[in-house]
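J.: Below is one structure. I have some questions about it.
Coordinate-derived values only; no laboratory data. Just so you know, these numbers come straight off a predicted model, no measurement behind them. Neighbour counts run over all protein chains shown; Cβ positions are idealised from the backbone, glycine included.
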């Protein structure tokens, strides 16, 4: 669209990415239009620029089937929160007990300890012009429940899960595991980000 408009040498225009409007300046008069209403833009140009008829016909043809031009190029992030409780122990079997105690402190307690994990799953993509959604949050919620909450909630991560049988269950590793499990189920056209709170003051992020 912009390439076509730039060929109209008798007309100046401005594009506002923040307000989603096009401003046409014709004979010192200003015309403001929403980018979605492209037919009205073409009409204003054709009324004032008789030398651009062929170009405007091409503009109509290219954009007539795409009134949602703006929606197809905008990306929006949808964030779903979730929660699970789990116990773990931070331990490196290759180290001595002394070194494990030195590095992990109370988190190396052989009797384990628990956290109330708060999870934020961020899905970023283009808006579907038919639904107005990026992704159906009901489906996203169900996916998080089946893949994460049902498998990790009220579990001992070291003892009850295959994912952490040989992987130290730090917050960093947990976030990566969650991302990988969801990434396998979410359409590749979407970007995926994970934020995991281990405490109110400590959290990690992973975006793949």
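J.: Given the peptides 112-123, 180-191, arrange them by the average over their residues of other C-beta atoms within 10 Å, most packed first. Spell out each step's value before the answer.
T.: Values: 112-123: 17.2, 180-191: 13.2.
Listed from highest to lowest mean packing, they are 112-123, 180-191.
J.: Right, something else. So how far apart, in nm, are the two label points at residue 81 and residue 154 if each is 7 Å from Cα heading toward Cβ?
T.: 2.2
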